[in-house]
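For reference, the structure is listed below as structure tokens.
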Number of protein chains: 2
Amino acid sequence: MRRTLPDIETFVQGIRSADRALLGQAITLVESTREDRQVMARNIIAQLHADLPDNTFRIAVTGAPGAGKSTFIEALGMHLVAQGKRVAVLAIDPSSAMSGGSILGDKTRMEQLSATEMAFIRPSPSGDSLGGVARKTREAMVLVEAAGFDTVIVETVGVGQSEIAAQRMTDLFLLLLLPGAGDELQGIKRGIVEMADLLVVNKSDGDRVKLANQARAHYLNATHLLPPKPSGWLPEVLACSALENTGIEAVWQRMEAYQAHIRANGWLLENRRQQARYWLEDTLDAGLKDLFYQHPEVKSRLAALEPEVLSGKISAIDAAMQVLAAFRKGM
Amino acid sequence: MRRTLPDIETFVQGIRSADRALLGQAITLVESTREDRQVMARNIIAQLHADLPDNTFRIAVTGAPGAGKSTFIEALGMHLVAQGKRVAVLAIDPSSAMSGGSILGDKTRMEQLSATEMAFIRPSPSGDSLGGVARKTREAMVLVEAAGFDTVIVETVGVGQSEIAAQRMTDLFLLLLLPGAGDELQGIKRGIVEMADLLVVNKSDGDRVKLANQARAHYLNATHLLPPKPSGWLPEVLACSALENTGIEAVWQRMEAYQAHIRANGWLLENRRQQARYWLEDTLDAGLKDLFYQHPEVKSRLAALEPEVLSGKISAIDAAMQVLAAFRKGM
């Protein structure tokens, strides 16, 4: 256990030269709840941000439990590594606070990918809110891109809110499906199918090829009914078997076609601009709430007024205005 | 057009003696975007809040367009008025900013109810956000209850988010349904059926009685699959025809049974406590954001930094920390 942390310059240089240990430590700083560590993480990110590579590709992969996300990411990741890509896998799992990380917590689920130097796998940060978890993942993304990982895969657990967060930090949204079953049986939340740029029916192998084709036809139909996307891309539906490693290359080809499309028409940059605006607002809101609720005047006024509001003695708006006035005066 | 407003004492006394004109004017103050009017509204609410009646009953009524919400509220309202109840009808319609109010905007849709002194009907406030619209409706609720309206009906348009807001300010959640069609065809958002304490199949008349009974059986089945509610109440499914005024009394009887149940087991008060906490937080968040984004230092720092974030020159977290520091220093 090292007691003294490397200094910021060491982190910055180390990450730029793809030092995995320093990269991992820097992400740990991002995830820390300690104020001084967070300040350090921000300084590292600020320095690295100035010259990030602009050729990175960010992919969200989601799907209900059982759709085979880990196997799929392993197969896709190994395919990319074989082509000379450097692949980082991050995760957003709002349940990780309780469970200690239900996805990517166990790296052995991506045995080959976690063994290669060309890939970097990091379990979901924990946190008391999805917002906090997602912000940390987005900051980790800056670090892995600065370390030269050109393809970033963000895995989510399929509970709805974390998919929206994942979409807000990626260029392509991939929904992994099971053969046969419809949306509801698959546990896919309403609105997720609409978000997908690529829908991939996994486990299209053995007896399930026919069911996979049925699912493909069903979702192809469904996507035709959707309103057009701002990217101008028509969602595509593919089938593959991550287990048998069939169809993976075709999936990647369509991902590349999508990437070429959104680079050519400017959507990749425009989307990243909109995403940056969202994360700025999101980070401001979170920081503002911290500032407010940790303020001693706010704490004491709120402690005094909240019981009065709960018992109905005073109105919520009355109490809120008093607390806000105390905050304004006390700053 | 009166140029000078009555003073606060006149408003407070007038509302306590059920002066409809002053009540209407006070709600207009609540809905005003002018700071001085809002301060006045808050003062009026603060004075009235101290001794609000505790025998009021708050009912949310929702349903897809075409379910007959206005006709149902008219029939139920007239039934209550005949029993000596005083009924206020408010609305939450987040689209009212654009449309000028798509529900309750036209009082003639509740012709009888709007003609009686025993009822008070107010269209949805407008606003640039659902949060703002909902907060105004909740403040208007304090005013109508202070004016002696013991039964408050909050109508929503069935778009999902406004139902959640309505549930957070009422004791009972009623979902109005059409005969025959399933959830999806009725345009009912996922999660709304789960929120209902009473499900009422309207338009159970003429040829539609059989279809209404089928719908009733379907939803009865669906509610049996739902997890138990914290109120300890098992949702019930009824049928009525608001148009022919049949079944309305039975609906009200079950509403009264529900009310007796949640008064006896303490849920009415516990729920209102939780609601008060929610509205306190909600009002604090909204006020805090106003304070922040209208601060001159914040405006100027943000105007300078936002383009840098959008172009990717600096990170969102870096910019956010700079703006927050400027806010802290500048207050």
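Could you please let me know if A:R20 is farther than 25 Å from A:S95 by Cβ and either surrounded by fewer than 21 Cβ atoms within 10 Å (Cβ to Cβ) or not assigned by TED's automatic domain parsing to the domain that holds A:R168 (or both)? Full working, then the answer.
Numbers: farther than 25 Å from A:S95 by Cβ: yes; either surrounded by fewer than 21 Cβ atoms within 10 Å (Cβ to Cβ) or not assigned by TED's automatic domain parsing to the domain that holds A:R168 (or both): yes.
Yes: the conditions hold for A:R20.
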* Test set (1) under 27 Å from the mean Cα position of the chain (by Cα); (2) within 13 Å of chain A (Cβ to nearest Cβ) - B:Q294 fails condition number -> (1)
* To do: For residues that are of a type in the set (A, V, I, L, M, F, W, C) and in contact (Cβ under 8 Å) with a residue 24 or more places away in the chain, scanning just the stretch A:114-134, find the one that is surrounded by the fewest Cβ atoms within 10 Å (Cβ to Cβ).
  => A:M118
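Say whether the condition of being modelled with pLDDT of 95 or more and either at the interface with chain B (Cβ under 9 Å from one of its Cβ atoms) or at positive phi (or both) is met by at least one residue in the stretch A:247-254.
Residues of the stretch A:247-254 modelled with pLDDT of 95 or more: A:247-254.
Remaining after also requiring either at the interface with chain B (Cβ under 9 Å from one of its Cβ atoms) or at positive phi (or both): A:247.
Yes, the stretch A:247-254 contains a residue that is modelled with pLDDT of 95 or more and either at the interface with chain B (Cβ under 9 Å from one of its Cβ atoms) or at positive phi (or both).
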* Asked: Only one residue in A:A239, A:A303, A:A217, A:A264 is crowded, with 20+ Cβ neighbours inside 10 Å and more than 19 Å from A:I164 (Cβ to Cβ). Which one?
  -> A:A239
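For B:E117, are the conditions met, namely being among the charged types (D, E, K, R) and either outside the structural domain of B:L220 (by TED's automatic domain parsing) or not in a helix (DSSP H, G or I) (or both)? Spell out the reasoning first.
Values: among the charged types (D, E, K, R): yes; either outside the structural domain of B:L220 (by TED's automatic domain parsing) or not in a helix (DSSP H, G or I) (or both): yes.
Criteria met by B:E117.
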* To do: For residues that are farther than 20 Å from A:P65 by Cα and in contact with an Asp or Glu (Cβ under 8 Å, 6 or more places away or on another chain), scanning just the stretch A:106-126, find the one that is nearest to the other protein chains (Cβ to nearest Cβ).
  => A:L113
* Structure fact -> When A:S311 is run through (1) surrounded by fewer than 19 Cβ atoms within 10 Å (Cβ to Cβ); (2) more than 8 Å from every other protein chain (Cβ to nearest Cβ); (3) of a type in the set (S, T, Y), the failure sits at (2)
* Asked: Quick one: which helices (runs of 4 or more DSSP H) sit completely within the stretch A:190-304 and have at least 3 residues that are small (G, A, S) and touching a strand residue (DSSP E or B) at 6+ places or on another chain (Cβ under 7 Å)?
  -> none
* To do: Could you identify the single residue in B:L76, B:L48 that is outside any loop (DSSP other than H, G, I, E, B) and under 23 Å from B:D93 (Cα atoms)?
  => B:L76
* How many of the residues in the stretch B:134-163 are within 9 Å of the chain's Cα centre (by Cα) and either away from chain A (no Cβ under 14 Å) or among the aliphatic types (A, V, I, L, M) (or both)? -> 8
* **Residues of the stretch B:246-304 classified as of a type in the set (G, A, S) and in contact (Cβ under 8 Å) with a residue 40 or more places away in the chain, total** => 2
* Structure fact -> Only one of (1) of a type in the set (A, V, I, L, M); (2) in contact (Cβ under 8 Å) with a residue 12 or more places away in the chain; (3) within 14 Å of another protein chain (Cβ to nearest Cβ) does not apply to B:V39, and that is (2)
* Return the total of residues in the stretch B:135-166 being more than 23 Å from B:G63 (Cβ to Cβ) and either touching a helix residue (DSSP H, G or I) at 6+ places or on another chain (Cβ under 7 Å) or crowded, with 19+ Cβ neighbours inside 10 Å (or both). => 7
* Within the stretch A:108-158, tally of residues that are in contact with a Ser or Thr (Cβ under 6 Å, 6 or more places away or on another chain) and on the phi > 0 side of the Ramachandran plot -> 1
* Asked: Hey, any hits in the stretch A:258-268 for a residue that's of a type in the set (A, V, I, L, M, F, W, C), under 26 Å from the mean Cα position of the chain (by Cα), farther than 30 Å from B:H49 by Cβ and within 14 Å of another protein chain (Cβ to nearest Cβ)?
  -> yes
* Output the residues belonging to the stretch B:273-285 that are more than 7 Å from every other protein chain (Cβ to nearest Cβ) and surrounded by fewer than 18 Cβ atoms within 10 Å (Cβ to Cβ). => B:Q274, B:Y278, B:E281, B:D285
* Identify all residues within the stretch A:314-331 that are outside any helix (DSSP H, G or I) and either hydroxyl-bearing (S, T, Y) or more than 7 Å from every other protein chain (Cβ to nearest Cβ) (or both); write none if there are none. => A:S315
* Asked: So, of the residues in the stretch A:20-36 that are free of Cβ contacts under 8 Å to residues at least 60 places away in the same chain and acidic (D, E), which turns out to be nearest to the other protein chains (Cβ to nearest Cβ)?
  -> A:E35
* For the stretch B:116-132, how many residues meet the condition of being at pLDDT 90 or above and more than 20 Å from B:I44 (Cβ to Cβ)? -> 5
* **Odd one out for A:N55 among (1) within 14 Å of chain B (Cβ to nearest Cβ); (2) free of Cβ contacts under 8 Å to residues at least 24 places away in the same chain; (3) not in a helix (DSSP H, G or I)** => (2)
* **Subset of the stretch B:80-95 that is in a loop (DSSP other than H, G, I, E, B) and either at pLDDT 95 or above or of a type in the set (A, V, I, L, M) (or both) - its residue that is nearest to B:P125 (Cα to Cα)** => B:R86
* Asked: If you go through the stretch A:1-45 one residue at a time, how many are at pLDDT below 95, of a type in the set (D, E) and closer than 12 Å to A:L143 by Cβ?
  -> 1
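The values are calculated or read from the model by the stated rules, or taken from the named source; none is laboratory data. Just so we're clear, the structure is a prediction, and the values are computed from it rather than from any experiment. Virtual Cβ from ideal backbone geometry, glycine too; neighbours counted across all protein chains shown.
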